[in-house]
1. Counting only other chains, what is the mean number of Cβ atoms within 10 angstrom of the Cβ of each residue in peptide A:71-83?
2. Please arrange B:Glu16, A:Glu136 by how many other C-beta atoms lie within 10 Å of their C-beta, fewest to most.
3. Given the pairs A:Lys81/A:Lys160; A:Lys88/B:Lys25; B:Lys25/B:Lys81; A:Lys38/A:Lys122; A:Lys81/A:Lys114; A:Lys170/B:Lys170, which span a C-alpha to C-alpha distance of over 23 angstrom in this model?
4. Between B:Glu172 and B:Glu75, what is the label-point separation in nm under the 7 Å Cα-to-beta-carbon projection?
5. Could you line up B:Phe55, B:Phe158, A:Phe6 from fewest to most neighbouring Cβ atoms inside 10 Å?
6. With label points built 7 Å along Cα→Cβ from the Cα atoms of A:Lys37 and A:Ser138, find their separation and express it in nm.
7. Mind checking the dipole of chain B: about its Cα centre, +1 per Lys or Arg Cβ, -1 per Asp or Glu Cβ, Debye to the nearest 20?
8. Per residue of A:14-23, count partner chain C-beta atoms within 10 Å of its C-beta, then hand back the mean as an integer.
Number of protein chains: 2
Amino acid sequence: MQNILFLVADEYEDLELFYPYYRLKESGYNPVIAASKKGALTGKHNYQIQADVTFSEVRADDYVALVLPGGKSPERVRLDKDALTIVKYFMSNGHPVAAICHGPQILISAGLVKGRRMTCWKGVRDDLIAAGAMYEDSSCVVDRNLVTARQPSDLHAFMKEFLNILKLQKTEQVQVV
Amino acid sequence: MQNILFLVADEYEDLELFYPYYRLKESGYNPVIAASKKGALTGKHNYQIQADVTFSEVRADDYVALVLPGGKSPERVRLDKDALTIVKYFMSNGHPVAAICHGPQILISAGLVKGRRMTCWKGVRDDLIAAGAMYEDSSCVVDRNLVTARQPSDLHAFMKEFLNILKLQKTEQVQVV
């Protein structure tokens, strides 16, 4: 079973974590929650999930893709150097990365949005533009390995596109072998 | 696009409504929320969703399947005669019905569980057994048209099986034509 890494802190947007989490399980992937420390993480709507691993413990090459849920979680995650190192690994290797709502804030801090077609929560749209991204106001934007969406009501489009990219990546890996 | 009906009242379990809701959208279905009256419905975790239609307005044959989310919502829905009439329509016609957590309480009140293989939230397990169901403690139980699950952590299995049944139904309809 292939592992997919989530970078999470408290006050995540609950649906933006749990919809991708269960959706990936449904398709046979193993979602793994990383945080700055182990223990329970509480969402804005008071759901809880346990961190499986800390950012500093993550071996990025154990994972095939990355998910960055939104809410107030990304403002905390972006302050962690190990989290930014993880994001850089996935982006520089062209591995699938899915970021929704405030999730792209982490990509801004990692210096990875310049020239990329992206969307995000409207409240941080100007930050994405200022950092050099080509912002689009649509439910889901796919730019090569990077899938972004605006808000919970985009979740169905967001995961459909992300799963497409994961499938493509798998096919390419098989072809390389 | 095929419509799928949700029967909902306040204090629904938020993930048990929203995971199926977005998941069905992702697969090209149109989820429709029915309640005793129009307006906003608030979940246990304070998410909100608008009721599209009232129970008394529902024309059951406009829908191909039924979803009964859990939480405290089913204890309210089961008191509504129009809601029970709707449930009876789907069950007597063998159309796909998905009930999770406390959702089977509605099926008990409609007198539809006797002799059926089912699961539910452990807190109401004895009610299901007393009403004549063949209870199983597993993440998801499929008995012909009826798919049941225990709790949010079963959502991935629950929707995988429900989508399988929807697909089968579609194939059968095509064959009949």
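We did not get these values from a lab; they are worked out from the coordinates using the rules stated. A quick note: this is a predicted structure, and the numbers were derived from the prediction, not measured. Using ideal geometry, Cβ is built from the backbone for each residue, glycine included, and neighbour counts are taken over all protein chains shown.
1. Partner-chain Cβ atoms within 10 Å, mean over residues of A:71-83: 0.
2. Values: B:Glu16 29, A:Glu136 16.
If I rank by nearby Cβ atoms, fewest first, I get A:Glu136, B:Glu16.
3. Numbers: A:Lys81/A:Lys160 30 Å; A:Lys88/B:Lys25 32 Å; B:Lys25/B:Lys81 28 Å; A:Lys38/A:Lys122 31 Å; A:Lys81/A:Lys114 20 Å; A:Lys170/B:Lys170 29 Å.
Beyond 23 Å: A:Lys81/A:Lys160; A:Lys88/B:Lys25; B:Lys25/B:Lys81; A:Lys38/A:Lys122; A:Lys170/B:Lys170.
4. Inter-label distance under the simple model: 3.5 nm.
5. Details: B:Phe55 22, B:Phe158 32, A:Phe6 25.
Lowest to highest Cβ neighbour count: B:Phe55, A:Phe6, B:Phe158.
6. Result for the modelled spin labels: 4.3 nm.
7. 200 debye
8. What the average comes to for A:14-23 is 5.
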